[in-house]
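A quick write-up on the structure given underneath.
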């Protein structure tokens, strides 16, 4: 498994070693020991996933930017059908990259996975006709603690690869601006 630190070093890109022949394809999509070695087990505790989520969306759908202010979730994201532009925004006050974002294209074809640790907002834009996204989380979904930053916040200035307006849920349209958001200490 190849692991690359992105512009925000705590956000990692995982690329599996793929074995392909006339019969088809095989690769390890997750290996706990390799994963923990790559992320460095923050705060001395092993990363433990408690929930898997599966999302299916049409082209132009933008989900996010979501986070939980309590019960924060680390997320390991991968695409099993289609292609997305996946984004993480650093909300950790005191971090040298506070308020910065990174984005990567994840697809069923490139088989990349992005690790978004606790303390980040997360969102994605569907680039293909349909995309199915799977992600593991380190804590359970807690709607009472869920927060959202609006996708087109001018302070963040995320360079979403889209012309025009994306399809956004009513809940996400109510997202706050970065300047009004709650952050992690």
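Taken together, the values in this text are just the output of simple stated rules run on the coordinates, not laboratory data. As the structure is a prediction and not an experimental result, all values here were calculated from the model. Quick reminder, even Gly has a Cβ in these numbers, built from the backbone with ideal geometry, and neighbours come from all protein chains shown.
Scan segment 12-33 for residues that are within 22 Å of residue 137 (Cβ to Cβ) and part of a strand (DSSP E or B) and jot them down.
Correct list: 12, 13, 14, 15.
Under the condition of being touching a strand residue (DSSP E or B) at 6+ places or on another chain (Cβ under 6 Å) and surrounded by 21 or more Cβ atoms within 10 Å (Cβ to Cβ), which residue from segment 105-118 is farthest from residue 15 (Cα to Cα)?
116
Out of the residues in segment 147-173 that are in contact with a helix residue (DSSP H, G or I) (Cβ under 9 Å, 6 or more places away or on another chain) and not in a loop (DSSP other than H, G, I, E, B), state the one that is surrounded by the most Cβ atoms within 10 Å (Cβ to Cβ).
149
Looking only at segment 57-71, which residues are in contact with a strand residue (DSSP E or B) (Cβ under 7 Å, 6 or more places away or on another chain) and assigned to a loop (DSSP other than H, G, I, E, B)?
Result: 59, 60, 69.
Among the residues that make up segment 12-21, is at least one of them in contact with a strand residue (DSSP E or B) (Cβ under 6 Å, 6 or more places away or on another chain), under 25 Å from residue 182 (Cα atoms) and buried (at least 17 other Cβ atoms within 10 Å of the Cβ)?
yes
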